[in-house]
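The structure appears below as structure tokens.
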Amino acid sequence: MVINVGRLKSGHDAEVLEEICQVARAVHEGRAHLKVIIETALLTDDEKVKACTLAKQAGADFVKTSTGFGPGGATAEDVALMRRTVGSAIGVKAAGGIRNLAAAQKMIAAGATRVGASAGVKIIQESRKPS
């Protein structure tokens with residue numbers, strides 16, 4: 001799910017939390033995992049922390065940097081902030097703008113447990129090249 005950025009930015013934390021809780025209940029009843037996409041490029045660092053905290057509190061399994069349709073993708077700084085915020089309890093997925101092996105490795109080093117990349121085949125090919 002994509003977090004309701006407008007509600008988050010307007011300070012309607014209880015509404016954001018309730019919406020994530022409702023989706024989490026439905027998803028978990030179906031024995032699936034919930035990724036909450038927070039669209040980091042649209043948020044301040046304080047809002048990113050708030051979004052991650054609410055997602056964790058609501059029972060999300062992952063927080064994710066972006067949909068890929070926003071104004072920016074994953075940054076190592078955002079991934080590290082998200083990881084510090086959620087701790088080891090839930091996953092962090094970096095997505096958006098990861099186009100090569102070096103970028104993927106940077107996200108993993110920052111704390112990503114998953115990487116979403118349309119260049120996945122290229123990244124795997126790069127990883128198999130002899131050094």
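Computed values, structure above
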read-out: Linear extension gain, Ala109 paired with Ser88, 0.36 nm per residue minus alpha-carbon span; value: 6.2 nm
read-out: Dipole-positive endmost among Ile98, Cys52, Cys21 within segment 5-128 (Cβ charges, Cα centre); value: Ile98
read-out: Whole-number Å³ per residue for the convex hull built on Cα positions in the chain; value: 104 Å³
read-out: Simple Cβ-charge dipole of the chain, Lys/Arg +1 and Asp/Glu -1, about Cα centre, in debye nearest 20; value: 640 debye
read-out: Under the span-like rule (Cα at least 18 Å along the axis, Kyte-Doolittle mean at least -0.5), DSSP H helices of the chain; value: 13-29
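Read the figures in this text as sums done on the coordinates, not as results from a lab. Nothing here was measured: the structure is a model prediction, and the numbers come from that model. Don't worry about glycine lacking a Cβ; one is built from the backbone with ideal geometry, like all the others, and counts go over all protein chains shown.
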